[in-house]
1. What's the total number of residues in the range 160-177 that are in contact with a Gly (Cβ under 9 Å, 6 or more places away or on another chain) and farther than 21 Å from residue 191 by Cα?
2. Can you pull out the residues in the range 203-245 that are outside any helix (DSSP H, G or I), under 17 Å from residue 4 (Cβ atoms), hydrophobic (A, V, I, L, M, F, W, C) and touching a helix residue (DSSP H, G or I) at 6+ places or on another chain (Cβ under 7 Å)?
3. In the range 96-126, which residues are under 20 Å from residue 71 (Cβ atoms) and surrounded by 16 or more Cβ atoms within 10 Å (Cβ to Cβ)?
4. Here's a check for you: in the range 34-49, which residue that is of a type outside the set (D, E, K, R) and surrounded by fewer than 21 Cβ atoms within 10 Å (Cβ to Cβ) is nearest to residue 193 (Cα to Cα)?
5. Of the residues that make up the range 255-266, is at least one open to solvent by less than 50 Å² (accessible area, probe 1.4 Å) and free of Cβ contacts under 8 Å to residues at least 40 places away in the same chain?
6. What helices (runs of 4 or more DSSP H), lying completely within the range 88-181, carry at least 2 residues that are at pLDDT 95 or above and farther than 30 Å from residue 192 by Cα?
7. So is residue 92 surrounded by 16 or more Cβ atoms within 10 Å (Cβ to Cβ), among the basic types (Lys, Arg) and farther than 28 Å from residue 215 by Cα or not?
8. Can you confirm whether residue 240 is open to solvent by 10 Å² or more (accessible area, probe 1.4 Å) and under 17 Å from the mean Cα position of the chain (by Cα)?
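The values are calculated or read from the model by the stated rules, or taken from the named source; none is laboratory data. Just so it is clear, the model here is predicted, and its values are computed rather than measured. Please note: Cβ atoms are built from the backbone with ideal geometry, for glycine as well, and neighbour counts cover all protein chains shown. Accessible surface is based on the protein model in full, side chains and every heavy atom, while ligands, DNA and RNA are left aside. Shrake-Rupley method; radii C 1.70, N 1.55, O 1.52, S 1.80 Å.
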Amino acid sequence: MTSFGRVLTAMITPFDDEGHVDYGVAEKLANHLVDQGTDTLVLCGTTGESPTLTWDEEYKLFQVIQTSLQGRAKIIAGTGSNSTREAIEATRIVGELGLDGSLQVVPYYNKPTQQGLYSHFEAIAQACPDVSILLYNVPTRTGCNLQPETVAQLARIDNVIGVKEASGKLDQVSKIRRMAPEDFAVYSGDDGLTLPMLALGATGVVSVASHIAGKQIQSMIRSYESGDVRTATRLHLELTPLFEVLFIETNPTPVKAALRLQGWPVGQTRLPLAPLSSTAEGTLRTVLTDLNFLSNA
(Lines give C-alpha, C1' and ligand atoms only; values in the text may rest on other atoms or scores of the structure.)
Protein backbone atom coordinates (compact mmCIF):
# COMPACT_ATOMS: atom_id res chain seq x y z
CA MET A 1 0.00 0.00 0.00
CA THR A 2 1.27 3.46 -0.92
CA SER A 3 2.35 5.60 2.01
CA PHE A 4 1.85 9.32 1.50
CA GLY A 5 3.49 10.37 4.76
CA ARG A 6 2.29 12.81 7.39
CA VAL A 7 2.10 16.23 5.69
CA LEU A 8 0.30 16.41 2.36
CA THR A 9 0.16 19.93 0.98
CA ALA A 10 -2.90 20.86 -1.06
CA MET A 11 -0.88 23.07 -3.37
CA ILE A 12 -2.22 26.29 -4.84
CA THR A 13 -2.05 26.81 -8.60
CA PRO A 14 -0.02 29.92 -9.49
CA PHE A 15 -1.31 32.23 -12.21
CA ASP A 16 0.53 34.95 -14.11
CA ASP A 17 -0.72 38.52 -14.54
CA GLU A 18 -2.95 37.44 -17.43
CA GLY A 19 -4.52 34.60 -15.46
CA HIS A 20 -2.69 31.76 -17.18
CA VAL A 21 -1.18 28.92 -15.16
CA ASP A 22 2.42 29.84 -14.33
CA TYR A 23 4.14 26.48 -14.58
CA GLY A 24 7.57 27.93 -13.77
CA VAL A 25 6.42 29.34 -10.44
CA ALA A 26 4.57 26.08 -9.77
CA GLU A 27 7.82 24.14 -10.15
CA LYS A 28 9.68 26.43 -7.77
CA LEU A 29 6.87 26.40 -5.21
CA ALA A 30 6.56 22.60 -5.33
CA ASN A 31 10.26 22.14 -4.60
CA HIS A 32 10.15 24.77 -1.87
CA LEU A 33 7.25 22.97 -0.17
CA VAL A 34 9.16 19.70 -0.23
CA ASP A 35 12.15 21.46 1.30
CA GLN A 36 9.86 22.77 4.04
CA GLY A 37 8.51 19.40 5.18
CA THR A 38 5.91 18.31 2.64
CA ASP A 39 5.81 14.54 2.05
CA THR A 40 3.22 14.56 -0.73
CA LEU A 41 1.86 17.27 -3.00
CA VAL A 42 -1.86 17.23 -3.76
CA LEU A 43 -2.36 19.00 -7.07
CA CYS A 44 -5.55 20.48 -8.47
CA GLY A 45 -7.78 19.98 -5.47
CA THR A 46 -9.98 22.69 -4.00
CA THR A 47 -6.94 24.72 -2.94
CA GLY A 48 -5.54 24.30 -6.45
CA GLU A 49 -8.70 25.91 -7.91
CA SER A 50 -9.69 22.82 -9.85
CA PRO A 51 -13.20 24.13 -10.63
CA THR A 52 -11.71 26.82 -12.88
CA LEU A 53 -8.87 24.80 -14.43
CA THR A 54 -9.24 22.94 -17.69
CA TRP A 55 -8.28 19.27 -17.83
CA ASP A 56 -5.46 20.16 -20.24
CA GLU A 57 -4.06 22.66 -17.73
CA GLU A 58 -4.26 20.04 -15.00
CA TYR A 59 -2.58 17.29 -17.01
CA LYS A 60 0.26 19.62 -17.96
CA LEU A 61 0.69 20.72 -14.34
CA PHE A 62 0.86 17.09 -13.21
CA GLN A 63 3.64 16.36 -15.69
CA VAL A 64 5.59 19.56 -15.02
CA ILE A 65 5.66 18.96 -11.26
CA GLN A 66 6.43 15.26 -11.68
CA THR A 67 9.42 16.04 -13.89
CA SER A 68 10.65 18.81 -11.61
CA LEU A 69 10.45 16.85 -8.34
CA GLN A 70 12.27 13.80 -9.72
CA GLY A 71 10.85 11.58 -7.00
CA ARG A 72 11.64 13.90 -4.06
CA ALA A 73 8.00 13.69 -2.94
CA LYS A 74 4.89 11.83 -3.95
CA ILE A 75 2.16 13.40 -6.06
CA ILE A 76 -1.58 12.95 -5.70
CA ALA A 77 -3.63 14.37 -8.56
CA GLY A 78 -7.12 15.72 -8.05
CA THR A 79 -9.20 13.89 -10.65
CA GLY A 80 -12.56 13.74 -8.93
CA SER A 81 -15.77 14.84 -10.59
CA ASN A 82 -19.52 14.75 -10.16
CA SER A 83 -19.52 12.68 -13.36
CA THR A 84 -18.29 9.15 -12.77
CA ARG A 85 -17.27 8.72 -16.39
CA GLU A 86 -15.24 11.92 -16.34
CA ALA A 87 -13.52 10.92 -13.08
CA ILE A 88 -12.61 7.52 -14.54
CA GLU A 89 -11.14 9.07 -17.68
CA ALA A 90 -9.03 11.57 -15.71
CA THR A 91 -7.88 8.93 -13.22
CA ARG A 92 -6.82 6.61 -16.02
CA ILE A 93 -4.58 9.37 -17.33
CA VAL A 94 -3.04 9.73 -13.85
CA GLY A 95 -2.24 6.04 -13.97
CA GLU A 96 -0.69 6.36 -17.42
CA LEU A 97 1.47 9.24 -16.18
CA GLY A 98 2.74 7.12 -13.31
CA LEU A 99 1.66 9.50 -10.55
CA ASP A 100 1.36 8.18 -7.01
CA GLY A 101 -2.34 8.58 -6.40
CA SER A 102 -5.65 10.27 -7.09
CA LEU A 103 -7.78 12.48 -4.86
CA GLN A 104 -11.46 11.68 -5.39
CA VAL A 105 -13.84 14.28 -4.04
CA VAL A 106 -17.40 13.36 -3.13
CA PRO A 107 -19.57 14.24 -6.16
CA TYR A 108 -20.88 17.74 -5.73
CA TYR A 109 -24.20 19.36 -6.60
CA ASN A 110 -26.03 16.20 -7.70
CA LYS A 111 -26.16 14.84 -4.09
CA PRO A 112 -26.06 11.04 -4.55
CA THR A 113 -27.35 8.61 -1.95
CA GLN A 114 -24.80 6.61 0.04
CA GLN A 115 -25.32 3.72 -2.40
CA GLY A 116 -24.67 6.11 -5.25
CA LEU A 117 -21.49 7.33 -3.57
CA TYR A 118 -20.28 3.78 -3.01
CA SER A 119 -20.99 2.81 -6.61
CA HIS A 120 -19.25 5.96 -7.89
CA PHE A 121 -16.01 5.33 -6.03
CA GLU A 122 -16.15 1.59 -6.64
CA ALA A 123 -16.43 2.17 -10.38
CA ILE A 124 -13.39 4.46 -10.39
CA ALA A 125 -11.33 2.07 -8.29
CA GLN A 126 -12.22 -0.91 -10.46
CA ALA A 127 -11.51 0.97 -13.70
CA CYS A 128 -8.13 2.17 -12.39
CA PRO A 129 -6.82 -0.69 -10.23
CA ASP A 130 -3.20 0.51 -10.34
CA VAL A 131 -4.01 3.97 -8.96
CA SER A 132 -4.08 4.53 -5.18
CA ILE A 133 -7.25 6.45 -4.36
CA LEU A 134 -7.67 8.92 -1.51
CA LEU A 135 -11.32 9.73 -0.86
CA TYR A 136 -12.15 13.36 -0.07
CA ASN A 137 -15.14 14.17 2.11
CA VAL A 138 -15.91 17.88 2.41
CA PRO A 139 -19.67 18.33 2.93
CA THR A 140 -19.54 22.13 3.18
CA ARG A 141 -18.30 22.20 -0.41
CA THR A 142 -20.18 19.27 -1.92
CA GLY A 143 -23.50 19.40 -0.09
CA CYS A 144 -23.20 15.67 0.59
CA ASN A 145 -21.60 13.80 3.50
CA LEU A 146 -19.78 10.51 2.93
CA GLN A 147 -20.94 8.52 5.94
CA PRO A 148 -18.46 6.46 8.02
CA GLU A 149 -20.28 3.24 7.14
CA THR A 150 -19.76 3.97 3.43
CA VAL A 151 -16.10 4.85 3.99
CA ALA A 152 -15.58 1.57 5.83
CA GLN A 153 -17.21 -0.33 2.99
CA LEU A 154 -15.02 1.43 0.42
CA ALA A 155 -11.93 0.75 2.54
CA ARG A 156 -12.28 -2.92 1.67
CA ILE A 157 -11.37 -2.12 -1.94
CA ASP A 158 -7.65 -2.76 -2.37
CA ASN A 159 -6.66 0.53 -4.02
CA VAL A 160 -8.87 2.79 -1.86
CA ILE A 161 -6.14 3.58 0.64
CA GLY A 162 -7.52 6.40 2.74
CA VAL A 163 -9.75 9.41 3.20
CA LYS A 164 -9.23 13.13 3.55
CA GLU A 165 -11.90 13.78 6.16
CA ALA A 166 -13.05 17.40 6.24
CA SER A 167 -16.49 17.12 7.77
CA GLY A 168 -15.21 18.80 10.92
CA LYS A 169 -16.91 16.11 13.02
CA LEU A 170 -14.62 14.25 15.39
CA ASP A 171 -17.29 11.66 16.12
CA GLN A 172 -17.33 10.84 12.42
CA VAL A 173 -13.54 10.44 12.49
CA SER A 174 -13.90 8.08 15.46
CA LYS A 175 -16.43 5.94 13.62
CA ILE A 176 -14.25 5.72 10.51
CA ARG A 177 -11.22 4.76 12.55
CA ARG A 178 -13.22 2.14 14.46
CA MET A 179 -14.86 0.57 11.41
CA ALA A 180 -12.14 0.79 8.75
CA PRO A 181 -9.08 -1.49 8.60
CA GLU A 182 -6.09 -0.41 10.67
CA ASP A 183 -3.97 0.27 7.58
CA PHE A 184 -6.62 2.55 6.05
CA ALA A 185 -5.22 6.08 6.27
CA VAL A 186 -7.31 8.89 7.73
CA TYR A 187 -6.06 12.41 7.01
CA SER A 188 -7.39 15.59 8.53
CA GLY A 189 -8.82 17.95 5.96
CA ASP A 190 -8.67 20.84 8.44
CA ASP A 191 -5.34 22.10 9.78
CA GLY A 192 -6.90 23.05 13.09
CA LEU A 193 -8.20 19.51 13.68
CA THR A 194 -4.96 17.70 12.90
CA LEU A 195 -3.84 17.25 16.50
CA PRO A 196 -7.25 16.13 17.81
CA MET A 197 -7.54 13.71 14.91
CA LEU A 198 -4.10 12.26 15.61
CA ALA A 199 -5.43 11.31 19.02
CA LEU A 200 -8.18 9.39 17.23
CA GLY A 201 -5.75 7.50 15.04
CA ALA A 202 -5.32 9.79 12.04
CA THR A 203 -2.16 9.55 9.95
CA GLY A 204 -1.61 13.22 9.20
CA VAL A 205 -3.09 16.18 7.37
CA VAL A 206 -3.87 17.40 3.88
CA SER A 207 -2.81 20.92 4.69
CA VAL A 208 -3.25 24.45 3.45
CA ALA A 209 -1.15 26.01 6.22
CA SER A 210 1.89 23.93 5.22
CA HIS A 211 2.44 26.47 2.42
CA ILE A 212 3.57 28.74 5.26
CA ALA A 213 4.41 26.44 8.21
CA GLY A 214 5.33 23.07 6.75
CA LYS A 215 8.26 22.43 9.09
CA GLN A 216 6.23 23.30 12.16
CA ILE A 217 3.31 21.08 11.15
CA GLN A 218 5.66 18.20 10.41
CA SER A 219 7.29 18.75 13.81
CA MET A 220 3.90 18.82 15.55
CA ILE A 221 2.91 15.46 14.09
CA ARG A 222 6.29 13.86 14.77
CA SER A 223 6.23 15.15 18.34
CA TYR A 224 2.84 13.59 18.93
CA GLU A 225 3.95 10.30 17.39
CA SER A 226 7.01 10.19 19.64
CA GLY A 227 4.90 10.73 22.75
CA ASP A 228 5.84 14.38 23.28
CA VAL A 229 2.27 15.58 23.51
CA ARG A 230 3.30 18.77 25.33
CA THR A 231 5.40 19.95 22.38
CA ALA A 232 2.74 18.91 19.89
CA THR A 233 0.13 20.88 21.82
CA ARG A 234 2.38 23.93 22.06
CA LEU A 235 2.94 23.93 18.29
CA HIS A 236 -0.76 23.44 17.62
CA LEU A 237 -1.67 26.38 19.84
CA GLU A 238 1.04 28.59 18.34
CA LEU A 239 -0.20 27.85 14.82
CA THR A 240 -3.92 28.18 15.57
CA PRO A 241 -4.08 31.87 14.52
CA LEU A 242 -2.52 30.89 11.17
CA PHE A 243 -4.98 28.02 10.70
CA GLU A 244 -7.85 30.41 11.33
CA VAL A 245 -6.71 33.38 9.26
CA LEU A 246 -6.10 31.24 6.18
CA PHE A 247 -9.85 30.70 6.10
CA ILE A 248 -10.85 34.30 6.87
CA GLU A 249 -12.29 34.30 3.35
CA THR A 250 -12.87 31.47 0.89
CA ASN A 251 -9.87 29.17 0.43
CA PRO A 252 -7.48 29.52 -1.41
CA THR A 253 -7.78 33.31 -1.55
CA PRO A 254 -6.05 33.94 1.83
CA VAL A 255 -3.19 31.47 1.34
CA LYS A 256 -2.43 32.92 -2.08
CA ALA A 257 -2.35 36.37 -0.49
CA ALA A 258 -0.04 35.04 2.23
CA LEU A 259 2.37 33.68 -0.36
CA ARG A 260 2.33 36.99 -2.24
CA LEU A 261 3.15 38.80 1.02
CA GLN A 262 6.15 36.48 1.31
CA GLY A 263 7.24 37.44 -2.21
CA TRP A 264 5.86 34.55 -4.23
CA PRO A 265 4.40 35.71 -7.59
CA VAL A 266 1.44 33.32 -7.47
CA GLY A 267 -1.14 35.74 -8.83
CA GLN A 268 -4.77 36.16 -7.86
CA THR A 269 -7.51 33.56 -7.80
CA ARG A 270 -9.62 33.06 -10.89
CA LEU A 271 -13.19 34.30 -10.95
CA PRO A 272 -15.65 33.72 -9.41
CA LEU A 273 -13.22 33.90 -6.45
CA ALA A 274 -12.51 37.57 -5.80
CA PRO A 275 -9.26 39.04 -4.43
CA LEU A 276 -8.85 39.18 -0.67
CA SER A 277 -10.47 42.25 0.86
CA SER A 278 -8.15 44.93 2.22
CA THR A 279 -9.48 44.39 5.75
CA ALA A 280 -8.82 40.65 5.61
CA GLU A 281 -5.37 41.22 4.11
CA GLY A 282 -4.50 43.52 7.00
CA THR A 283 -5.53 40.84 9.47
CA LEU A 284 -3.55 38.25 7.54
CA ARG A 285 -0.45 40.44 7.52
CA THR A 286 -0.71 40.95 11.28
CA VAL A 287 -0.93 37.22 11.98
CA LEU A 288 1.98 36.39 9.65
CA THR A 289 4.06 39.12 11.27
CA ASP A 290 3.24 38.02 14.81
CA LEU A 291 4.24 34.43 13.96
CA ASN A 292 7.46 35.55 12.23
CA PHE A 293 6.42 34.33 8.80
CA LEU A 294 7.19 37.68 7.15
CA SER A 295 10.93 38.21 7.07
CA ASN A 296 10.61 41.80 5.82
CA ALA A 297 7.99 42.83 8.36
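1. 0
2. Of the residues in the range 203-245, the ones outside any helix (DSSP H, G or I) are 203-209, 226-228.
Adding the requirement that they be under 17 Å from residue 4 (Cβ atoms) leaves 203-208.
Filter once more, keeping what is hydrophobic (A, V, I, L, M, F, W, C): 205-206, 208.
Across the range 203-245, the qualifying residues are 205, 208.
3. Step one: list which residues in the range 96-126 are under 20 Å from residue 71 (Cβ atoms), which gives 96-103.
Once the filter is applied, which keeps residues that are under 20 Å from residue 71 (Cβ atoms) and surrounded by 16 or more Cβ atoms within 10 Å (Cβ to Cβ), the range 96-126 yields 99, 100, 101, 102, 103.
4. Of all residues in the range 34-49, those of a type outside the set (D, E, K, R) come to 34, 36-38, 40-48.
Subsequent filtering for residues that are surrounded by fewer than 21 Cβ atoms within 10 Å (Cβ to Cβ) retains 34, 36.
Details: 34: 22, 36: 21 Å.
Here the answer is 36.
5. Yes.
6. Numbers: elements: 114-127, 139-142, 148-154, 170-179.
Because the criterion is at least 2 residues that are at pLDDT 95 or above and farther than 30 Å from residue 192 by Cα, the helices (runs of 4 or more DSSP H) in the range 88-181 that meet it are 114-127.
7. Values: surrounded by 16 or more Cβ atoms within 10 Å (Cβ to Cβ): yes; among the basic types (Lys, Arg): yes; farther than 28 Å from residue 215 by Cα: yes.
Considered against the rule, which asks whether it is surrounded by 16 or more Cβ atoms within 10 Å (Cβ to Cβ), among the basic types (Lys, Arg) and farther than 28 Å from residue 215 by Cα, residue 92 comes out as yes.
8. On the way: open to solvent by 10 Å² or more (accessible area, probe 1.4 Å): yes; under 17 Å from the mean Cα position of the chain (by Cα): no.
Spelling it out, it is not the case that residue 240 is open to solvent by 10 Å² or more (accessible area, probe 1.4 Å) and under 17 Å from the mean Cα position of the chain (by Cα).
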